[in-house]
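Okay, structure first, notes after.
The values are calculated or read from the model by the stated rules, or taken from the named source; none is laboratory data. What you see is a predicted model, and the numbers here were worked out from it, not measured in a lab. Cβ: placed from backbone, ideal geometry, glycine included. Neighbour counts: every protein chain shown.
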Amino acid sequence: RIPDADGLYYWIDQLKAGSTINSISESFYQGAIVYAAQTGYTATMSSEDFVNMLYRNALGRTDGADTEGLNYWSAQLNNHTQTPGSLARTILGTAHNYKGDATWGWVADLLDNKIKVANTFAVDWGLNYLTPEASILSGMAVAKLVTATDISAALSLIGIPSDQVLFV
């Protein structure tokens, strides 16, 4: 999902205060579990279900993971080489290695576009939602409209035309 401004700045402050990327990734995973009704992530889901959901939600792979990826990443969770938080971070980082690839380059482009929308919403416009639930649901809805080639539908869902965002 895209972050809201307050959440993004909170996590930046945590990083500056010495938290590691891995500990922040674990916090994101724990938050997803706390808000399971909104995110679909649960503490009892299988490793395979977690990997497939991550591929669908973050990587835009509507069918989930391919067999090779599913087996590899699930084994990483099952043998405790990775935790859910570190696995999510690793998979997202690995996806960028495919930038420009004829088959999977679109995934890196999709992630880059999600970052553009997140930056617009949280940094450029400094926006927040009123509740954690609204932030999660709305942030997920906006992120789902981002494609590898277009961010206009996602920005439109935010509901504020860019020419009407004014700062004094």
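Values computed for the structure shown
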read-out: Filtered residue count, the range 6-44, keeping only those that are free of Cβ contacts under 8 Å to residues at least 60 places away in the same chain, of a type outside the set (A, V, I, L, M) and not in a helix (DSSP H, G or I); value: 7
read-out: Failed condition for D63, given (1) more than 29 Å from G105 (Cβ to Cβ); (2) loosely packed, with under 13 Cβ neighbours inside 10 Å; (3) of a type outside the set (K, R); value: (1)
read-out: Only one of A88, A108 that is touching a His at 6+ places or on another chain (Cβ under 6 Å) and among the aliphatic types (A, V, I, L, M); value: A108
read-out: Among (1) at pLDDT 95 or above; (2) surrounded by 17 or more Cβ atoms within 10 Å (Cβ to Cβ); (3) in contact with a Ser or Thr (Cβ under 7 Å, 6 or more places away or on another chain), the one test that E48 misses; value: (2)
read-out: So A134, is it farther than 24 Å from N52 by Cβ and of a type in the set (G, A, S); value: yes
